[in-house]
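First the structure, in the form of structure tokens, and then the observations on it.
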Amino acid sequence: QVQLVESGGGLVQPGGSLRLSCAASGRIFSINAMGWYRQAPGKQREFVAGFTSGGTTNYADSVKGRFTISRPNAKNTVYLQMNSLKPEDTAVYYCKLPSGNWGQGTQVTVSS
């Protein structure tokens, strides 16, 4: 049983910053690969950022230069630092393991 819990979402002004957390617990010893996804109302879930077991970090074109994904810390927590936020970043953000396990999501709202 592996559990993922996202946190850190909230309401932020355009141009502001937010740091999301994804904490993994349960039957897991390390995280070799993980991805952040988001889903806005009326849209399909899309890839945002992630890293592979091979050490490659990838970002969606829409967030390159603004978002940064961390490597797991000792507590199996991965962060997504989001800077220069735009209204179009408004969505529920999820973290996901290669196994297909998802967290419950955390709401990010970027609005004036």
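Dipole magnitude for the chain: computed about the Cα centre from +1 point charges on Lys and Arg Cβ and -1 point charges on Asp and Glu Cβ, it is near 160 debye. Each Lys or Arg adds one and each Asp or Glu takes one away; over the other residues whose Cβ falls under 12 Å from the Cβ of Val12, this sums to +1.
Kirkwood radius for the stretch 1-84, taken over all pairs of different Cα atoms as the inverse mean of 1/r, rounds to 13.7 Å. A straight chain from Thr68 to Gln39 at 0.36 nm per residue would run longer than the Cα-Cα distance by 8.6 nm. In this structure, the amide hydrogen of Met34, modeled 1.01 Å from its nitrogen in the peptide plane, lies closer than 5 angstrom to those of Phe51, counting only residues at least 5 positions away or on a different chain. Over the stretch 1-41, with every protein chain in place, what whole percent of the accessible area is carbon and sulfur at 1.4 Å, could you tell me? Roughly 50 percent, rounded to a whole number. In order along the stretch 99-112, the phi-based Karplus estimate (6.51 cos²θ - 1.76 cosθ + 1.60, θ = phi - 60°) of 3J(HN,Hα) comes to 5, x, 6, 10, x, 7, x, 9, 7, 10, 10, 10, 7, 7 Hz; Gly and Pro are listed as x.
Measuring only protein heavy atoms, the 1.4 Å probe finds Thr57 accessible over about 50 Å².
The values are calculated or read from the model by the stated rules, or taken from the named source; none is laboratory data. What you see is a predicted model, and the numbers here were worked out from it, not measured in a lab. No Cβ is skipped: glycine too gets one built from the backbone with ideal geometry, and neighbour counts run over all protein chains shown. When the accessible area is computed, the model is the full protein with side chains, heavy atoms only, and any ligands, DNA or RNA have been set aside. Shrake-Rupley method; radii C 1.70, N 1.55, O 1.52, S 1.80 Å.
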